[in-house]
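Below is one structure, written out as structure tokens; comments come after it.
Just so it is clear, none of the values below were taken in a lab; they were calculated from the coordinates. Quantities reported herein were computed from a predicted structural model and do not represent experimental measurements. All Cβ positions, even for glycine, are placed from backbone atoms using ideal geometry, and neighbour counts span all protein chains on display.
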Amino acid sequence: MNFLVGPGAREDVAEIAEYIESRTAGRGEEFVAAVERAYTAIELQPRMHSPADDGPAGVEAREYLLRGFRYRIVFVILGDDVTVLSVAHVSKKPRHWHDRLSNDP
């Protein structure tokens, strides 16, 4: 399988890390490290993670809840590709990432 992180998800991580770092020094780096560990886990066993409740019909969308942070990583499995589409706070509006299905590679 090919593992990809879409541009929207990359922007999400950068913005969230900057925000967290502005609130607590060093915590932004911890967030990025947690995201990297999550990416490794997703890449190794993508189907081990829970289906995303807000996934559109016909799309295998899954989520990874980030330990130590109230954020989730949403990714889709399409053929041989696993693509991360979103990293967002768990309280963010469901389905906010759907527009990225057609916009992110």
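Scattering from the range 2-103 was approximated by placing one identical point on each alpha carbon and applying the Debye formula without solvent; log10 I(q)/I(0) at 0.12, 0.13, 0.19, 0.23 1/Å stands at -0.36, -0.42, -0.89, -1.29. Rounded to the nearest 20, the Cβ-based charge dipole of the chain about its Cα centre (Lys and Arg +1, Asp and Glu -1) stands at 380 debye. Springs join every pair of Cα atoms under 10 Å in this Gaussian network model of the chain, and among Arg72, Arg95, Arg23 the largest mean-square fluctuation is at Arg23. By how many degrees, between 0 and 90 and to the nearest 10, does the Cα long axis of helix 27-44 differ from the longest principal axis of the chain? Helix 27-44 and the main axis of the chain meet at about 20 degrees. Taking 0.36 nm per residue of separation and subtracting the current Cα-Cα distance, fully stretching the chain between Ser102 and Leu65 would add 11.0 nm. Considering only Ala52, Ala14, Ala61, the Gaussian network model of the chain with Cα springs below 10 Å gives its largest mean-square fluctuation to Ala14.
Taking 0.36 nm per residue of separation and subtracting the Cα-Cα distance, full extension of the segment from Asp54 to Asp80 would add 7.2 nm. Put simply, the Cα atoms of the range 14-70 extend 41, 22, 17 Å along their principal axes, the longest span coming first. Sequence-ordered 3J(HN,Hα) estimates for the range 51-60 from the Karplus curve with 6.51, -1.76 and 1.60 and θ = phi - 60° stand at x, 7, 4, 9, x, x, 4, x, 10, 7 Hz, glycine and proline given as x.
Modelled spin labels at Ala33 and Ser91, positioned 7 Å past Cα toward Cβ, are 2.7 nm from each other.
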